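I have placed the structure first, in the form of structure tokens, so that the comments after it can refer back to it.
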Amino acid sequence: QVQLVESGGGLVQTGDSLTLSCSVSGITFDNYAWGWFRQAPGKVREFVAAVSWIAIARDYADSVRGRFEITRDNAKNTLTLQMNNLKPEPAAAYYCAKQKYRYIGSLSDFDFWGQGTQVTVSS
């Protein structure tokens, strides 16, 4: 049974840092690219970051590039998102997701999702 569990969200202040984690089980973590997405109330889910199967490539949304870092630990089947210099914004749920393939490819090719962890940044 494939299971993706996000953790690490919370309420933080502008400029703070926060690390999100995604624990993966029931699948060969090493064989796929992985990503992070977020969704605020009333908004469409948006791409945040992705990493290829052996971290040979990483992609970031323009809004987070230079502040966020996506990493993976294949030995621990864990995906993380290090968020730095957080900016005030509406609360959003962050989701980790599995790509169908080894490389990042199309954003429509993510086929497993976690339940999300909420992040709120206050001013």
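The values are calculated or read from the model by the stated rules, or taken from the named source; none is laboratory data. Quantities reported herein were computed from a predicted structural model and do not represent experimental measurements. Cβ placement follows ideal geometry from the backbone for every residue including glycine, while neighbour counts extend to all protein chains displayed. Protein only, heavy atoms only, side chains kept; ligands, DNA and RNA dropped before computing areas. Shrake-Rupley method; radii C 1.70, N 1.55, O 1.52, S 1.80 Å.
Extension gain for the segment Thr28 to Glu89, taken as residue separation times 0.36 nm less the Cα-Cα distance, is 18.5 nm to one decimal.
Under the combined filter of DSSP loop state and at most 16 neighbouring Cβ atoms within 10 Å, the stretch 34-114 retains these chymotrypsin sites (Phe, Trp or Tyr not before Pro): Tyr101, Tyr103.
If the chain linking Gln82 and Thr14 were pulled fully straight, counting 0.36 nm for each residue of separation and taking away their Cα-Cα distance, it would gain 23.0 nm. Averaged per residue, the chain has 51 square angstrom of accessible surface, using a 1.4 angstrom probe with ligands and nucleic acids left out. Counting only trypsin sites (Lys or Arg not before Pro) that DSSP places in a loop and that have at most 15 other Cβ atoms within 10 Å, the longest clean stretch of the chain runs over 1-42. Annotation: extensible slack from Asp109 through Ala40 equals 22.7 nm (criterion: 0.36 nm per residue apart, minus Cα-Cα distance). By a 1.4 Å probe calculation restricted to protein chains, Ser106 has an accessible surface near 50 Å², given to the nearest 10. When the solvent-accessible area of the chain is split by element, carbon and sulfur atoms take up 48 percent of it, the probe being 1.4 Å.
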